[in-house]
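Here's the structure we're looking at; comments come further down.
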Amino acid sequence: MNRRESLKALGLIAAGSGVLAASSCQQEKTTEAAAATDAEKLPGVQDFEHERNKQLQAEVFFTEHEMATITVLADIIIPKDDISGSASEAGVPAFIEFMVKDLPENKIPMRGGLKWMDVQCQKRYGNAFIKCKEQQQLALIDEIAYPEKAKPAMQQGVAFFTLMRNLTSSGFFTSEIGVKDIGYAGNRPGVWTGVPADVLKTYGFDTESFFG
């Protein structure tokens, strides 16, 4: 099972929150907030829930640098492939910000983890994570992506990356791109074409002699 397939399994487990977001660009936040004000209420959502969703969408929690780091990390976790687009193309960064605002207990772990990534890269490579070369970024992630193999000194990074991976898979596989990636076609009516000919033959039923 490759990385995308593993995350697909995680996404299927996590699917159900149903929160989709339109864009990951920090520059578009003002536009998104304005759009959220006029957003149509989702089916099954009560008025107070709709109002809360609009308030959360209008808030800005992550800085531009933090959102850029989240975007790079999300695309490393779920890159674009021949089947579908990347995590950022599915709107995962905006999804993560919404979920962090919706579940404030994740604010400190996420912000602290993003800072931890930058501090580690600054010590090793003299640059923030997003300014490092891809090879350098992947070298650090390899040390925190596998909890059972990670060194004790890397446990803070392990906890952050686990949270980041869970949020990314949840956001991706509940997006339109992610649902198509899974291959879910939705509910479709069945078409009855009669008892298969081989089954009729097994039980000795001759349609030609019966119907004439």
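Values quoted throughout were computed directly from the atomic coordinates according to the rules given, and no laboratory measurement underlies them. Quick caveat, the model's predicted, so the values are computed rather than measured. All Cβ positions, glycine included, derive from the backbone under ideal geometry; neighbour counts span all protein chains shown.
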In Hz, Karplus ³J(HN,Hα) per residue of segment 130-145 (6.51, -1.76, 1.60; θ = phi - 60°; x = Gly, Pro): 6, 9, 7, 5, 4, 4, 5, 4, 5, 4, 5, 5, 4, 7, 10, 7
Alpha carbon Rg of segment 100-170, scaled by the compact-globule rule 2.2 N^0.38 Å: 1.10
Whichever lysines have a C-alpha closer than 24 Å to that of residue 201, once near sequence neighbours (fewer than 8 apart) are set aside: none
Set of lysines with alpha-carbon distance to residue 41 below 23 Å, sequence-local pairs under 8 removed: 29, 54, 101
Spacing of the two label points (7 Å from each Cα toward its C-beta) at residue 42 and residue 131, in nm: 3.8
Hypothetical label at residue 146: residues of segment 160-189 whose amide nitrogen lies under 16 Å (7 Å Cα-Cβ projection): 162
Long-range amide H partners of residue 78 with built H, under 5 Å: 87
Per-residue HN-Hα couplings for segment 107-119 [Karplus 6.51, -1.76, 1.60; θ = phi - 60°; Hz; x = Gly/Pro]: 4, 5, x, 6, 5, x, x, 5, 5, 4, 4, 5, 5
Gained length - residue 124 relative to residue 52, 0.36 nm times residue gap less alpha-carbon distance: 21.7 nm
Loop chymotrypsin sites (Phe, Trp or Tyr not before Pro), segment 181-212, which have at most 10 other Cβ atoms in a 10 Å radius of their Cβ (DSSP): 192, 203
Cβ-derived FRET efficiency at R0 41 Å, residue 192 paired with residue 108, nearest 0.05: 0.10
